[in-house]
Each structure stands twice: as structure tokens, then as C-alpha cells.
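Asker: Before we start, here is the structure in question, set down as C-alpha cells.
The values are calculated or read from the model by the stated rules, or taken from the named source; none is laboratory data. All values derive from a computational prediction rather than experimental measurement. All Cβ positions, glycine included, derive from the backbone under ideal geometry; neighbour counts span all protein chains shown.
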Amino acid sequence: MSELDILAIGAHPDDVEIGAAGSLLLAVKHGRRVGILDMTYAELSSNGTVERRQEEASAADELIGVTARYNFGLPDRGLETVREEAIRRTVDLIRKTRPRVILAPYWQDRHPDHEIVSRIVREAVFSAGIHKYAGYEAHPAYRPSQLLYYFINTTVTPTVMVDVSGVYHEKLAVLRCYRSQFEREEGSVTTPLNNGYLEMVEYRERLLGQQAGVTYAEGFVSAAPYVLASL
């Protein structure tokens, strides 16, 4: 299993892309090795099928240029019931791939799975650095240098913003890979995702960009304060 520079983690295929596809596109263009972990196959989604969602994720991977994508196949809307397993498996993946940066969903969100994954990742990042935590015999302790939280449905004042203006058209193309989720098709159920959701994401990132003095920006919240050597 290859080492990564960035490991972005979400509950469902499309979570990471909503919050961080622009930043991942930029990272790949700068030669970074990027991986995505989906905790579930989103089998309870109102629209689409697991098989189609995986095809859409593969198309998104190709556009971004990810090194690897993983899926634990844990139960959609049942992550709390397998919480310890999810933490252990995430620790194992972190130790195997040794990413410098971890991305996770922001801890407050209208979807409970996003909040649960946020907590799982926080615990996994901490436990991955504990020498005697489960599995250390095969993969030694390792702790990433940064844990950043991306936004899916919630937006607060970011502590970090990435100028994604130059790749924003590419981010929109990545999101449009998930047609089953973001487009109304014959027989589909109306959901928040296919009722102007992509326009809402674009509006949010244009607003963040305006605050940062650029056209589009993705926002993140840092898990720890930044330390400057001097001003």
C-alpha cells in the first residue's frame, strides 16, 4: 500500500468532493499523492444504487487524479454501532499510508453520519500515534501533522482557506460525476441534493473567495492553532 500526502475521509462517496475537491485537484497538480476513504457505500441514499455510485466515484477519482480510493463498507446510518471497528480500521489505514494531512467532515452537520465520521477520524488520528494501540506490531505508530475539517452542509468561519479559483470549473465537473445525487432523473426522489445543492456549494465558495480576496475558496477548520515563528 502506497504512502500518501493527503488522506481525505468521508461517510459517503461524494462527501469529500463536496468539501474539498478543489483543494485535492490543486494538490495533485503539485505532485501530491492523494487518497480518499469512504466509510460506507451510501446504500441508503434515496436515489441511485451502490453500483452506480461506485461508478460515479471512479469517474470523480479519474478527474481528480487520486492515487487510491478505499471503502470500508460499513453500514450507512449505522456507523455508531460499529464505531470501535471504524476507529481501528482508520488507524490501520493511517499507519499504512502515513499521510501528512488528514481531511474530515466538520463536526457539526445536518447529516448525523457526517458528524459521526468527524468524531471517528479525530479519535483515529489520536490513536494512530499511540505506540501500543491495536495493530502496532504490523504498522508502527504514526500521527499526521495536520487534521483539517471541510464543510459539507454547514459553514462557519474557516481558519484556513484555499484559493481554488483556477480549478473551480474542474471541481464542478467532479461534482457532476454524481448525477444520481445532484440531478433530477426519471423516477428520482426530490432531495436537498437535487434541489439546487450544487448552486448552494458554488455560492458558498464564491462567498468564501470574496472574503479571501479571490474568486473561489474552499474553507477548512484547523484542529489545532497555527504557530508562527515570528510576524
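Asker: Looking only at region 44-74, count every residue that is over 18 Å from the mean Cα position of the chain (by Cα) and in a loop (DSSP other than H, G, I, E, B) and tell me the total.
Answerer: 5
Yes/no per residue for (1) in contact (Cβ under 8 Å) with a residue 40 or more places away in the chain; (2) within 30 Å of residue 44 (Cβ to Cβ):
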| position | (1), (2) |
| --- | --- |
| 120 | yes, yes |
| 124 | no, yes |
| 139 | yes, no |
| 153 | yes, yes |
| 160 | yes, no |
| 192 | no, yes |
| 221 | yes, yes |
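Asker: Further question on the same structure: Just need a number here: residues in region 102-116 that are under 23 Å from residue 54 (Cα atoms) and in contact (Cβ under 8 Å) with a residue 24 or more places away in the chain.
Answerer: The number of residues fulfilling the criteria is 9.
Asker: Would it be correct to say that residue 87 is in contact with a Leu (Cβ under 9 Å, 6 or more places away or on another chain) and either of a type outside the set (Lys, Arg) or in a loop (DSSP other than H, G, I, E, B) (or both)?
Answerer: No, not satisfied.
Asker: For region 124-166, enumerate the residues that are loosely packed, with under 14 Cβ neighbours inside 10 Å, under 21 Å from residue 82 (Cβ atoms) and within 20 Å of the chain's Cα centre (by Cα).
Answerer: none
Asker: Just one of the numbered conditions (1) within 27 Å of residue 164 (Cβ to Cβ); (2) surrounded by 19 or more Cβ atoms within 10 Å (Cβ to Cβ) is not true of residue 74; which one?
Answerer: All conditions are met except number (1).
Asker: Something else now. Could you grab me the full set of residues in region 3-54 that are without any contact (Cβ under 8 Å) to a residue 60 or more places away in the chain and touching a Phe, Trp or Tyr at 6+ places or on another chain (Cβ under 8 Å)?
Answerer: 36, 37, 38, 50, 54
Asker: Scan 62, 55, 123 and give me the residue that is of a type in the set (Asp, Glu) and under 18 Å from residue 2 (Cβ atoms).
Answerer: Result: 62 is the single residue among 62, 55, 123 that is of a type in the set (Asp, Glu) and under 18 Å from residue 2 (Cβ atoms).
Asker: Let me ask something additional. Does residue 74 satisfy the criteria of being without any contact (Cβ under 8 Å) to a residue 60 or more places away in the chain and of a type outside the set (Phe, Trp, Tyr)? Step through it out loud before you land on a result.
Answerer: Working: without any contact (Cβ under 8 Å) to a residue 60 or more places away in the chain: yes; of a type outside the set (Phe, Trp, Tyr): yes.
Yes, satisfied.
Asker: Write out, first by first residue and then by second, each pair whose Cβ atoms fall under 6 Å of each other, whose residues are 6+ apart or on separate chains, and whose first residue, in region 79-101, is within 17 Å of residue 143 (Cβ to Cβ) and touching a residue at least 24 places away in the same chain (Cβ under 8 Å) while the second is acidic (Asp, Glu) and in a helix (DSSP H, G or I).
Answerer: From residues that are within 17 Å of residue 143 (Cβ to Cβ) and touching a residue at least 24 places away in the same chain (Cβ under 8 Å), the pairs are 87/123.
Asker: Provide a single number: the residues in region 110-156 that are among the hydroxyl-bearing types (Ser, Thr, Tyr) and at pLDDT below 95.
Answerer: The qualifying residues number 5.
Asker: Considering only region 10-43, state which residues are part of a loop (DSSP other than H, G, I, E, B), out of contact with any strand residue (DSSP E or B) (no Cβ under 7 Å at 6 or more places or on another chain) and not basic (Lys, Arg).
Answerer: Once the filter is applied, which keeps residues that are part of a loop (DSSP other than H, G, I, E, B), out of contact with any strand residue (DSSP E or B) (no Cβ under 7 Å at 6 or more places or on another chain) and not basic (Lys, Arg), region 10-43 yields 14, 30, 31, 42, 43.
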